[in-house]
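Here the structure comes first, spelled out in C-alpha cells, and everything after it is commentary.
The values are calculated or read from the model by the stated rules, or taken from the named source; none is laboratory data. Note that this is a predicted model, so its numbers are computed, not measured. So basically every Cβ, Gly included, is an ideal-geometry build from the backbone, and we count neighbours across all protein chains shown. Surface accessibility is based on the protein's heavy atoms, side chains included, excluding ligands, DNA and RNA. Shrake-Rupley method; radii C 1.70, N 1.55, O 1.52, S 1.80 Å.
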Amino acid sequence: RTNTPGSFRRYSAIYPLILSIQPQHEKLQSSKKLKLLPAKLTENAIPSPLPQPPMASILGNSSAAVLTSRPFYSSTSKPSLPSLSQVSGQSYWRKYNGGIGIQGKKGRAQLQVVNVATDIDTVEQQAKRIVDKDSQRPVYPFAAIVGQDEMKLCLLLNVIDPKIGGVMIMGDRGTGKSTTVRSLVDLLPEIQVVAGDPYNSDPQDPEAMGMEVRESITKGKELTVVLTKINMVDLPLGATEDRVCGTIDIEKALTEGVKAFEPGLLAKANRGILYVDEVNLLDDHLVDVLLDSAASGWNTVEREGISISHPARFILIGSGNPEEGELRPQLLDRFGMHAQVGTVRDAELRVKIVEERARFDRNPKEFRSSYMAEQEKLQQQIGAARACLGSVQIDHDLKVKISKVCAELNVDGLRGDIVTNRAAKALASLKGKDKVSAEDIATVIPNCLRHRLRKDPLESIDSGLLVIEKFYEVFS
C-alpha cells in the first residue's frame, strides 16, 4: 500500500474479497497437519481435489491466485495417481513432474530421477533388438549408391581394419555423404561381446574389456558371450559433455545411496563406429573429448567423486562441407583417411541417381530387396577380407618408399606412414591377395596423406595431386 490515490483505489477494490477468503484460509490452517500419502493405496484411486476459492478466478495470474489455487491434501483426501504397481509385497507410487518422480517406500518419501542415459542391454533386450530389425527405419542400400567410389572405398577399408583410424569426408552439400555413411550399417560384421556389458567388451582381448568384466574373469566367473553387429552411434552437434563421456547415476545415488557410473555415447561406440555429421561445426569442448579418447583408446571420467576409465576404441567417421569452416589440425590428424566428394557432372549419372532415389522413397522394402544379392555378396567379401587380413604381407622396399614419400612431403609425425601401410594391406585383403603391390599403395596414399600436408594459401593445386606426383617420383 502506498500513498498514491491510484494504489489506494485498487487496494480498496480487492479488500472485500480478501475479507471473504480469510475465514476459509483460517479453517485450512487450523486443520490437521499435512501428511505424506499412505503407502498402501488401491488401484482405483480417484483424484478428488478441493474446490478453488472464488478469489482465484477473479485475480487470474496474480500471486494471490497462485497461492490459493494450489490444492491442499488432508489425510483423508484421495490423490491423483498416474500409475500404481505392487512389487514384492511393497507398495510404490510415482507422480511424474518434469522427469522427476516421488516414490514412497515403507512409509518414507524418496526422490527418484528418471534414467535418461544409456541403458545396459540384457541378453533378452539384445535378442529382441535383432528380432525387431525389420521394423526399423529402412536404410538406403550401400550397393545402390552411384559413383563416389573414393568415399566408399575408404569406408570399406576402415570396416576391414578398424585400426586405420576412421575417415573424414568433405564435399559439397547434397552429395550423399550422410546417406553413404549410414548405409554402411547393413554391411557391418558381427563381433563377440560379453552379454549385458555396456562397453561391448571383447571376451578374448583384455585390452578391450571393462573393469567389471576383468574382475569377473579374475574371480573365475563364466562369461556369457553373444554375437552382435558392430554399433554405429551418431554424435549430434548439440550433445552435452556428460552425455558423451558419461556421468554419475543420479537414480542409484538417491535411491540406494551409492556412487554409480552411467555410461555415455563413447561407451556405446566402443568397438564400433562413431559418426559425427557436420564435424567442422562441433563445439571445442566435445572436440577435446574426442581427441583424448581417440589418442588413448580409453575414456577417463573424473567428476562428482567418481574416477573411472573404460575402453573407447571406435572408428571415427566425420562429414562436413568445407565452405562452413575448417577443422582444427589436431582433430583432422586423428582421422586416418580423407575422402573428397564432388558433385556428379555427368547428366546420365544424375538422372540415374534421381530415379533410384525416387524408387526408394516410393517403396523402400522392394528397393532394398532388389539389392539384397549385391549386399550379401559385399558383406561376404568384407568378412573374408577381415579373416585373411593378418596374413597379408608388404615388402620392406615398399615400406621404405612409403616413408620416403612422407618425408619428402614434410608430413608431421609418423601417423601417415602407419596409416598408409595399414590401408594398403586392407585393400590387398579386399582384393583377395596376400601381398601388397605398388598399385595398392598408389590407390590409398592420397587419402592417407592429403589432409596431413601443411597448407600453402598461395598454392592452387590440390594436395592430393601433390601426393600422386611425389609417389610416382619416388616409385619411378
| request: Kindly establish whether R328 is touching a residue at least 24 places away in the same chain (Cβ under 8 Å), more than 22 Å from E150 (Cα to Cα), open to solvent by 30 Å² or more (accessible area, probe 1.4 Å) and under 22 Å from the mean Cα position of the chain (by Cα). | output: yes
| note | Reported set for the stretch 284-321 where residues are within 15 Å of the chain's Cα centre (by Cα) and charged (D, E, K, R) is R313
| Across the stretch 388-408, what is the total count of residues that are open to solvent by less than 30 Å² (accessible area, probe 1.4 Å) and either assigned to a helix (DSSP H, G or I) or more than 23 Å from H451 (Cβ to Cβ) (or both)? | 5
| Complete set of residues in the stretch 208-222 that are open to solvent by 50 Å² or more (accessible area, probe 1.4 Å) and either over 16 Å from L266 (Cα atoms) or modelled with pLDDT of 85 or more (or both) | E212, R214, E215, I217, T218, K219, G220, K221, E222
| request: Report the residue count in the stretch 331-353 for those that are among the aliphatic types (A, V, I, L, M) and open to solvent by 70 Å² or more (accessible area, probe 1.4 Å). | output: 1
| Test for L282: is it surrounded by 20 or more Cβ atoms within 10 Å (Cβ to Cβ), closer than 29 Å to D172 by Cα and in contact (Cβ under 8 Å) with a residue 60 or more places away in the chain | no
| Which residues, counting only those in the stretch 441-466, are open to solvent by less than 20 Å² (accessible area, probe 1.4 Å) and at pLDDT 90 or above? | I441, V444, I445, P446, N447, C448, L449
| said: What's the total number of residues in the stretch 157-178 that are touching a helix residue (DSSP H, G or I) at 6+ places or on another chain (Cβ under 9 Å) and either open to solvent by 30 Å² or more (accessible area, probe 1.4 Å) or under 17 Å from T228 (Cα atoms) (or both)? | reply: 5
| Going by the structure shown, is T228 among the hydroxyl-bearing types (S, T, Y) and either over 24 Å from N158 (Cα atoms) or part of a loop (DSSP other than H, G, I, E, B) (or both)? | no
| field | Subset of the stretch 231-247 [in a helix (DSSP H, G or I), touching a helix residue (DSSP H, G or I) at 6+ places or on another chain (Cβ under 9 Å) and either within 15 Å of G272 (Cβ to Cβ) or open to solvent by 40 Å² or more (accessible area, probe 1.4 Å) (or both)] | value | E241, R243, V244
| query | If you take the residues in the stretch 205-241 that are charged (D, E, K, R) and touching a residue at least 40 places away in the same chain (Cβ under 8 Å), which one is farthest from S293 (Cα to Cα)? | reply | K229
| query | With respect to the numbered conditions (1) touching a residue at least 60 places away in the same chain (Cβ under 8 Å); (2) under 29 Å from Q204 (Cα atoms), which one is the sole condition not fulfilled by V244? | reply | (1)
| For H338, are the conditions met, namely being part of a strand (DSSP E or B) and under 13 Å from G166 (Cβ atoms)? | yes
| task | Within the stretch 418-440, track down each residue that is farther than 20 Å from I169 by Cα, in a helix (DSSP H, G or I) and open to solvent by less than 70 Å² (accessible area, probe 1.4 Å). | result | N421, K425, A428, S429, L430, A438, D440
| Considering residues of the stretch 295-311 that are touching a residue at least 60 places away in the same chain (Cβ under 8 Å) and surrounded by 22 or more Cβ atoms within 10 Å (Cβ to Cβ) only, the residue farthest from R271 (Cα to Cα) | H310
| field | Residues located in the stretch 248-276, provided they are among the aliphatic types (A, V, I, L, M) and open to solvent by 50 Å² or more (accessible area, probe 1.4 Å) | value | I250, L254, V258
| request: Those residues that are touching a Leu at 6+ places or on another chain (Cβ under 7 Å) and of a type outside the set (A, V, I, L, M, F, W, C), I need them from the stretch 328-374; list them, please. | output: Q330, R334
| Residues being among the hydrophobic types (A, V, I, L, M, F, W, C), closer than 18 Å to V185 by Cα, out of contact with any Lys or Arg (no Cβ under 6 Å at 6 or more places or on another chain) and open to solvent by less than 60 Å² (accessible area, probe 1.4 Å) - total across the stretch 355-387 | 5
| What number of residues within the stretch 150-193 satisfy the criterion of being touching a Phe, Trp or Tyr at 6+ places or on another chain (Cβ under 9 Å), more than 21 Å from P138 (Cα to Cα) and free of Cβ contacts under 8 Å to residues at least 60 places away in the same chain? | 0
